[in-house]
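Here the structure is laid out as structure tokens; the discussion comes afterwards.
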Amino acid sequence: MGNDVLVLAEHRNGRLSDVTFELVGKARELADRGGGRVLAVLLGETSLAHELGVADVVLCSEDPAVATYNAQAYERAMVHVVERQQPRLVLTSTTTVGMDVSTALSVHWPAPLASYVVDVRRDGEDLAVTCRAYGGKLLAEVALTGPRAICAVIAGCFPAADGRSEVAGRSEVAGQVELLDLEGVFDGLGVSVAQVVEPEKGDVDITAADLLVSVGRGIGSRENLEVVQELADALGAPLAASRPLIDQGWLPKARQVGKSGLTVRPKVYLALGISGAPEHLEGMQHAETVIACNTDPKAPIFDVATYGTTVDLFDLTDELVKRVQE
Amino acid sequence: MPIGGRKQPPTAVELEHATVTSPLSGREWELPGMWNRMFEQRVEWDFTTEGFEKIGSLEGGESLEWCYGCGKCVPVCPVDLVGEYGPRKIHRKVQTGLDLFTSDDLWLCTTCMNCLRVCPKEVDMVKVMPAVREVAVAEGQVPGELADVFEKTFRYGNALGENPRRRHAWTRDAGVDVRVLASDPRPVDVLFYVEDYWSYHPRGMQAARSFARVATALGVDFAILGPEEKTIGDSQRLAGEKGLFEALMEDVVATLDRYEFQRIVTPDPHGFNALVKEYPKRGHRYDVLHYTQLLAPLVDRIEWRKELDCTVTFHDPCYLGRHNGEYDAPRTLLRAIPGVRLVEMGRCRENGYCCGGGGGGMWLDGLTANHTSERLSERRVREAVESGADVLAVCCPYEVSRFEDGAKSTGNDQLQVRDIIELVDEAMGGGGG
Amino acid sequence: MRIVVAVKQIPDLVEELELTADGTDVDRELLKMVVNEFDDQALEEGLCLKEAGDAELVVVALDEPDVDQTLHAALAKGADAAIKLTGALTGWIDSHRRAALLASWLSGQSFDLVLTGVQAADDLDGQLPGLLGAQLEVPHISVAVRVEAEDGMAKVWQELAGGTVVVDEVRLPAVIGVQAARQAPRYVSISRIRQAQQSGGITEVEVQAAELGTEQFALRRLVAPEAAGHAEMLAGGAGEVADRIVELLRAKGLVRS
Ligand SMILES: Cc1cc2nc3c(=O)[nH]c(=O)nc-3n(C[C@H](O)[C@H](O)[C@H](O)COP(=O)(O)OP(=O)(O)OC[C@H]3O[C@@H](n4cnc5c(N)ncnc54)[C@H](O)[C@@H]3O)c2cc1C
Ligand code: SF4
Ligand code: SF4
């Protein structure tokens, strides 16, 4: 039985995504403990292999079938690699790619799969895994017994720095990049990519954003909106608002969060000067993390927020802009 | 209908001047306005009967057609005050081809009944609108915000989508014991039917606690259903979900059958309306009181401990006042409170303005905003301020949240919105909040 | 074309989730079960497909608490048939087993498309669409936001991280995990649901699933994360608070480090 940990790298627009570094960092830790290697599988963008110096071996392919993400081609390539490498553990994310691949691997390899993983540890011969369950209301402690396993990990749970070669003190990979021989693997594919549509810039869908900056009457006047907009721009987040601001015509209706507006579930909801009326809470209380800034320590928004502060929203905005723009 | 509810200038249907060619002689005749009226298309000719046939065939939809255009209803319609509405306008639009079943106009009526009060032809929008809405709802033509409330009501038995098991969470901080029938099913005098907004909305919960304290102090023997309570759902019915209302009624009646009580008391004029008018139609008869009707006869027994010193104006809930004729019980309570000076707003009692929450309006804020220049609740808040009051007193659970929001958005933060029971409680020295 | 929409019940997250004495499951005695919201999206997309062309739509679910209500609602919305798979089904049913049960029924059926929700609140051992597709050995696509189908092919709009959408051409039969239908799930009036209830319309089929290798996945216990209830107040002035917030955002990968 091998002790290797294999990571499926994900990339977008010519860049490796953060979650890939998070997984590679974690894989390094687990492999070092068990005396195995870290293998990274990089499909499509072979040129990014040198950024994966924390892995021992980067297995690449530039086969046209995986030039853009093709669910079935990725799945076949991964099954092919995993069957040959027989790692102890495969790590993917829980993104679209991770969902497609981890489930298919679980059936074809086969191996037990834990999804929505927030933590993985070795526990003797087994793996002890913590998963987020029931919309984050509970955590599940799972043991993956048996000689091999797959974990689909939620992005943002491990530090990405551990997986970046420049930070982790590993130099460029030399000679450890291997080209995969995928001859025949993609024969008779039932899926082909007809088109790739990039999201349109400009039109704002506050329900699709991972990070939302949301403002309420605490900003006082329309002119002050600019300051908050600057913060939102710096963070690359859309600006949302409570209803009174929409009523005033300061922002379009499509930015209204709440009962008579939209329901949002971003990873982080930054609420500035919003009191937390029930009608507003209805639209945002299921955000993963709520950070609330309100000068009134008794404001109901603090009952649903994860983190709170009573500093003035303008001071906070200034400080945040400074830090983010650095 | 103009966005923002601006009034439309009338369009003339007479010409100042016309030229008519004789089909016989070919000669042209110049005609002055007074004369040419009969040659222009007249209102009576450019209409279609299709809309009325469709609406009139529905049970409850018959009366729209009876309108003879006298126009009395339009100036009393609360929606027309901030937009373009009223039975006569709807009648005329349907006459000229509007498909009411798919129009936003279908959802603007709050079923406040002020038009019916003045209509010589008894055109009854309180029946017409729900009948047409029922068809629209069955066809899935229902605004998203409203559909969401229907779904929540069906799933959880309350419009807010709150956990049914937390229905009596408000009792915890009431400061007095509130009996829950499920755990203590002994017979009781008053079954207190709390309804949704007093059970779950933070401001409503405060009022519920006030009621519990006041009723306890007056020695009223009361109990609640707690987790077994489901909304009566009268506004859902008027918004077109009759099936939902009936499903709820089956559950409510089955629950009520399990307990022994003398009368039902509720703070919600909407639930009150259904218990008084709809339930008996299906053979379910109860002795039902609004909470102001329970307390008004008891005012002499109240021991007042505090003088409030404020000027109060009172907003008549449509479903207590116009729909059920109770204007005095709330006023009796207010007048009895030491230090309260009661002033009336211009529109009060029979001609009371509507808060905008009835008939589903409570859950159509987004849609309504597209057709009105301001919210009905905002309009009403400004009337309250003009009356010189510092407190706007209400006795319908929908209203506190609507008016408080209206006070903020019109920049009248100084106006306090209080349920009558909160004022009574405060003057009796209770928690006051 | 024959479209199968697989729906499932999950615990209603509006309620507090209480645990069984041994802590390995939520206490199902007390729970209210509701349809998985993504399955509702899958059903809507299925109905849109049916309306766009000539298709038969069948909803299928395992015999789980309150599932009849979900199936009746689907019939009221326009599904042609509703199938309830029975067998000794109690407690939490993991996705591998769920996929096996569905696969054993589907293998005796002709179908072109299986639509189901992309994920569910309790699919700890992986999402159903991928597991089912792999077990049936047909293509599968997760996170679909639109599906069109004709002549043995489907066009599937698959959303990737960051909002990029790839439009796939997929040979049928296939399993699609739907994230969002092209339009909001339709409203069906309570009277119609009640009519569907009265006219029956649910067919029960008993299934036996081949045992699958999930015994190596052991759910030891469920725990509540540290109590929320009130925000953790960040100490210090605006500068320090800003530092903490940036740190938090960075940990979630929301600002570049
Ligand atoms: C039927 C109905 C539907 C509704 N639908 C919605 C809806 O969809 N969405 C919605 O948002 N609302 C809705 N509302 C309105 C809701 O009730 C509230 O009125 C509204 O959410 C309040 O908005 P707010 O929090 O921005 O304003 P406020 O309640 O006025 O809060 C402003 C907050 O800013 C704080 N503040 C002030 N200055 C500063 C400063 N310098 N720094 C930091 N904090 C500061 C104050 O302490 C205060 O808590 C609805 C109301 C009704 C009745
Ligand atoms: S009051 Fe009655 S008859 Fe007169 S215009 Fe209005 S609806 Fe028609
Ligand atoms: S019931 Fe009220 S809101 Fe409806 S049309 Fe009549 S006056 Fe207007």
Which one is nearest to ligand 3 (Cβ to nearest atom) among residues in segment B:64-73 that are part of a helix (DSSP H, G or I) and buried (at least 18 other Cβ atoms within 10 Å of the Cβ)?
B:CYS73
Which residues, taken from segment A:1-48, are away from every other protein chain (no Cβ under 14 Å) and at positive phi?
A:GLY35
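Name the single residue, out of those in segment A:303-315 being in contact (Cβ under 8 Å) with a residue 24 or more places away in the chain and crowded, with 23+ Cβ neighbours inside 10 Å, that is farthest from the other protein chains (Cβ to nearest Cβ).
My answer is A:LEU313.
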Only one of (1) buried (at least 16 other Cβ atoms within 10 Å of the Cβ); (2) within 14 Å of ligand 2 (Cβ to nearest atom) is not met by B:LEU81, so which one is it?
(2)
Meets criteria (surrounded by 18 or more Cβ atoms within 10 Å (Cβ to Cβ), of a type outside the set (A, V, I, L, M, F, W, C), at pLDDT below 90 and not in a loop (DSSP other than H, G, I, E, B)) for A:GLY283
yes
Of the residues B:ARG166, B:ARG117, which single one is surrounded by fewer than 20 Cβ atoms within 10 Å (Cβ to Cβ) and within 16 Å of ligand 2 (Cβ to nearest atom)?
B:ARG117
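Condition check ((1) within 17 Å of B:TYR200 (Cβ to Cβ); (2) away from chain C (no Cβ under 14 Å)) across all residues:
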residue: B:ASP124; (1), (2): no, yes
residue: B:GLU134; (1), (2): no, no
residue: B:LEU146; (1), (2): no, no
residue: B:ASN163; (1), (2): yes, no
residue: B:ARG167; (1), (2): yes, no
residue: B:ALA174; (1), (2): yes, yes
Output the residue which, of all residues in segment A:132-146 that are within 11 Å of C:PRO225 (Cα to Cα) and in a strand (DSSP E or B), is modelled with the highest pLDDT.
A:ALA140
In segment B:138-147, which residue that is out of contact with any helix residue (DSSP H, G or I) (no Cβ under 8 Å at 6 or more places or on another chain) and under 13 Å from B:GLU241 (Cβ atoms) is surrounded by the fewest Cβ atoms within 10 Å (Cβ to Cβ)?
B:GLY140
Please count how many residues of segment B:85-111 are touching a His at 6+ places or on another chain (Cβ under 9 Å), within 14 Å of ligand 2 (Cβ to nearest atom) and within 18 Å of B:ASP234 (Cα to Cα).
0
Do we find that A:HIS80 is closer than 22 Å to A:LEU182 by Cα, modelled with pLDDT of 95 or more and not aromatic (Phe, Trp, Tyr) in this structure?
yes
Looking at segment B:337-355, can you tell me whether even one residue there is in contact (Cβ under 8 Å) with a residue 24 or more places away in the chain, surrounded by 23 or more Cβ atoms within 10 Å (Cβ to Cβ) and within 16 Å of ligand 1 (Cβ to nearest atom)?
yes
Do we find a residue being charged (D, E, K, R), buried (at least 24 other Cβ atoms within 10 Å of the Cβ) and within 16 Å of ligand 3 (Cβ to nearest atom) anywhere in segment B:404-423?
no
A:GLU288 fails exactly one of the following numbered conditions: (1) at pLDDT 90 or above; (2) surrounded by fewer than 22 Cβ atoms within 10 Å (Cβ to Cβ). What is the number of that condition?
(1)
Residues that are within 28 Å of A:LEU30 (Cα to Cα) and at pLDDT 90 or above, drawn from segment A:52-68:
A:LEU52, A:VAL54, A:ALA55, A:ASP56, A:VAL57, A:VAL58, A:LEU59, A:CYS60, A:SER61
Can you tell me which residue among B:GLY175, B:GLY144 is more than 18 Å from B:TRP363 (Cβ to Cβ) and not assigned by TED's automatic domain parsing to the domain that holds B:ILE420?
B:GLY175
So for segment A:51-73 (the condition being aliphatic (A, V, I, L, M), under 23 Å from C:ALA180 (Cα atoms) and in contact (Cβ under 8 Å) with a residue 24 or more places away in the chain), does at least one residue qualify?
yes
Do any residues in segment B:405-426 that are of a type in the set (Lys, Arg) have Cβ atoms under 6 Å from those of residues that are more than 14 Å from ligand 1 (Cβ to nearest atom), where the two are at least six apart or on different chains, and which pairs are they?
B:ARG418/B:VAL391; B:ARG418/B:ALA393
Candidates C:ALA88, C:ALA61, C:ALA103, C:ALA21, filtered to the one that is touching a residue at least 60 places away in the same chain (Cβ under 8 Å) and small (Gly, Ala, Ser)
C:ALA103
Considering only residues that are closer than 17 Å to A:ALA254 by Cα and of a type in the set (Val, Ile, Thr), look in segment A:207-222 and name the one that is farthest from the other protein chains (Cβ to nearest Cβ).
A:VAL215
Mind checking which pairs have a first residue in segment B:9-32 that is under 30 Å from B:GLY83 (Cα atoms) and among the charged types (D, E, K, R) and a second that is part of a strand (DSSP E or B) and modelled with pLDDT of 65 or more, Cβ under 9 Å, 6 or more apart or different chains?
B:GLU16/B:PRO32
Meets criteria (crowded, with 19+ Cβ neighbours inside 10 Å and touching a Leu at 6+ places or on another chain (Cβ under 9 Å)) for B:ALA131:
yes
How many residues, within segment A:85-117, are more than 7 Å from chain C (Cβ to nearest Cβ), among the aliphatic types (A, V, I, L, M), assigned to a strand (DSSP E or B) and in contact with a Leu (Cβ under 7 Å, 6 or more places away or on another chain)?
3
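The values are calculated or read from the model by the stated rules, or taken from the named source; none is laboratory data. A quick note: this is a predicted structure, and the numbers were derived from the prediction, not measured. Positions of Cβ are generated from backbone atoms using ideal geometry, with glycine treated the same way; all protein chains shown enter the neighbour counts.
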